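Reading through the structure tokens given below for one structure.
The values are calculated or read from the model by the stated rules, or taken from the named source; none is laboratory data. Predicted model, so just to flag it, every value in this text is computed and none were measured. Every residue, glycine as well, gets a Cβ built from its backbone with ideal geometry; the counts of neighbours run over all protein chains shown. All accessible areas refer to the heavy atoms of the entire protein, side chains included, with ligands and DNA or RNA removed. Shrake-Rupley method; radii C 1.70, N 1.55, O 1.52, S 1.80 Å.
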Amino acid sequence: MRISNAGSCALLLDMSNGPFEDEIQSRIWAYAKRVSDLSSVTMALPGANNLLVVHDPDLEDPDALCLTLRQEWESVDGDAPAPREHIIPVTYDGEDLDFIASKTRMSVENIAARHQSGTYRVAMLGYSPGFGYLTGLHSSLNLMRRDTPRLNVARHSVCIGGGFTCIIPSTAPSGWHIIGTAHCAPFFDPNAPSPCLLKAGDIVRFERV
């Protein structure tokens, strides 16, 4: 684990060994919960095989905290809390399906079937409020993101890109490939007790409609 400063009161913990690894991410979910219980830590935010730890330097010397963080990482396993499961209805009507078909040499029907049949995990939240990066995408659908991002991708667009799939929580720019439309509750509600529908570690399945 590599630790670097991220401002005056945060540390970035990098556990990556190169390409994204689900096993490391699973350990990070459990580790984030354990780290959040430390007296000097105010927030622990999972990233892609990394963890941002926000702390109060007045409560604990940063060097001492770093030592504790290393010890905790060595002892943690992937025993994260039991995940919640979300079933998301989706219509496969995305404007990039023909492009994906040309790149993968699959029919649009096969693309939809492979995406719908997957079991996905929320690796982390990021980019915009409520945006979940979902792992578990079939390797045949692993495409680089678009060369030129779109300025406006509609809310609840179902997309793929860079080995992940996602549901766009609010209309925003995006370089991901659009494959469908989700029919579900908002993924982010600032007035809700828990503003984000998805949490790291949750399971997501898509139901074709």
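For the range 162-181: of the residues being within 14 Å of PHE131 (Cβ to Cβ) and not in a strand (DSSP E or B), which is most open to solvent (accessible area, probe 1.4 Å)? Write out each step before concluding.
Here is the first cut: in the range 162-181, the ones within 14 Å of PHE131 (Cβ to Cβ) are 162, 164-176.
Checking which are not in a strand (DSSP E or B) leaves us with 162, 168-171, 175-176.
Details: GLY162: 38, ILE168: 5, PRO169: 10, SER170: 51, THR171: 84, GLY175: 13, TRP176: 14 Å².
This residue is THR171.
Determine whether the range 23-45 contains at least one residue that is open to solvent by less than 50 Å² (accessible area, probe 1.4 Å) and over 23 Å from VAL122 (Cβ atoms). Walk me through it before giving the result.
So in the range 23-45, the residues open to solvent by less than 50 Å² (accessible area, probe 1.4 Å) come out as 24-26, 28-32, 35, 38, 40-41, 44.
Narrowing further to those that are over 23 Å from VAL122 (Cβ atoms): 38, 40.
Yes, there is a match, as at least one residue in the range 23-45 is open to solvent by less than 50 Å² (accessible area, probe 1.4 Å) and over 23 Å from VAL122 (Cβ atoms).
Regarding ALA192, is this residue in a loop (DSSP other than H, G, I, E, B), surrounded by 15 or more Cβ atoms within 10 Å (Cβ to Cβ) and at pLDDT below 95?
Working: in a loop (DSSP other than H, G, I, E, B): yes; surrounded by 15 or more Cβ atoms within 10 Å (Cβ to Cβ): no; at pLDDT below 95: yes.
No: the conditions fail for ALA192.
Looking at the range 1-37, which of the residues that are touching a strand residue (DSSP E or B) at 6+ places or on another chain (Cβ under 8 Å) and in a loop (DSSP other than H, G, I, E, B) is farthest from GLY136 (Cα to Cα)?
Step by step, filter the range 1-37, then rank; the result is CYS9.
May I ask you to verify whether ARG145 is within 18 Å of ASP202 (Cα to Cα), charged (D, E, K, R) and touching a residue at least 24 places away in the same chain (Cβ under 8 Å)?
Working: within 18 Å of ASP202 (Cα to Cα): no; charged (D, E, K, R): yes; touching a residue at least 24 places away in the same chain (Cβ under 8 Å): yes.
For ARG145, the condition - within 18 Å of ASP202 (Cα to Cα), charged (D, E, K, R) and touching a residue at least 24 places away in the same chain (Cβ under 8 Å) - is not met.
Suppose we keep only residues that are of a type in the set (S, T, N, Q) and touching a residue at least 40 places away in the same chain (Cβ under 8 Å) within the range 6-25. Which one would you say is farthest from ASP202 (Cα to Cα)? Full working, then the answer.
Step one: of the range 6-25, the residues of a type in the set (S, T, N, Q) are 8, 16-17, 25.
Still in the list and also touching a residue at least 40 places away in the same chain (Cβ under 8 Å): 8, 25.
Numbers: SER8: 32, GLN25: 12 Å.
Here the answer is SER8.
Is it fair to say VAL90 is buried (at least 17 other Cβ atoms within 10 Å of the Cβ) and under 30 Å from ILE178 (Cα atoms)? Give the steps one after another, and end with the answer.
Values: buried (at least 17 other Cβ atoms within 10 Å of the Cβ): yes; under 30 Å from ILE178 (Cα atoms): yes.
When the stated conditions are applied, VAL90 passes them.
Which residues, counting only those in the range 109-161, are of a type in the set (Phe, Trp, Tyr) and exposed (fewer than 14 other Cβ atoms within 10 Å of the Cβ)? Give the steps one after another, and end with the answer.
Within the range 109-161, the subset of a type in the set (Phe, Trp, Tyr) is 120, 127, 131, 133.
Those that are of a type in the set (Phe, Trp, Tyr) and exposed (fewer than 14 other Cβ atoms within 10 Å of the Cβ): none in the range 109-161.
Tally the residues that are within 25 Å of the chain's Cα centre (by Cα), touching a residue at least 12 places away in the same chain (Cβ under 8 Å) and open to solvent by 90 Å² or more (accessible area, probe 1.4 Å), restricting the search to the range 55-76.
Selection size over the range 55-76: 1.
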